[in-house]
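To keep things clear, I will list the structure first and then write my remarks on it.
The numbers here are math on the coordinates, done by the rules we state, and not lab data. Since this is a predicted model, take the numbers as computed values, not measurements. Ideal geometry is used to build each Cβ from the backbone, glycine not excepted, and the neighbour counts take in all protein chains shown.
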Amino acid sequence: MPSRTRSWEVIKRVAIGVYSDGFIHAGNLAYLALFSIFPFVIVAAAIARLFGQTEAGMDAVNALFQTMPAGVADVLRRPIHDVIEARSGSLLWLGALVGLWT
């Protein structure tokens, strides 16, 4: 009987820990993932431009947009396309370095 009580106590502590901390960590992870998308795309666009593959970079970004919810993709579409189509390579690399730093 003591082992049964101990097992129940462990299960109870795990459930309470997940409820109190697990959802906070999951929300934090989702928040950070959302804000890491834009710097990632800037870095990917800079690398694609370095190799002269701007069209391939656009295809990759469009594939990324297809996996996102429509509302998120609509918000990010215009700024990301503006970054990719930017004519200044040095400014794009500066944005890539700042994106990696943050």
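Quick notes
- Sorting TRP101, TRP93 from the fewest to the most surrounding beta carbons within 10 angstrom yields TRP101, TRP93.
- Check: the chain dipole with +1 on Lys, Arg Cβ and -1 on Asp, Glu Cβ, in debye: 500 debye
- Relative contact order %, the chain, counting alpha carbon pairs below 8 Å whose residues are six or more apart: 36 percent
- Candidate values [x] 14.1, 39; [y] 21.4, 73; [z] 20.9, 86, label of the one derived for Rg and Dmax of the Cα atoms in Å: [y]
- Inter-label distance, nm, simple model (7 Å from Cα along the C-beta direction), GLN66/TRP93: 3.3 nm
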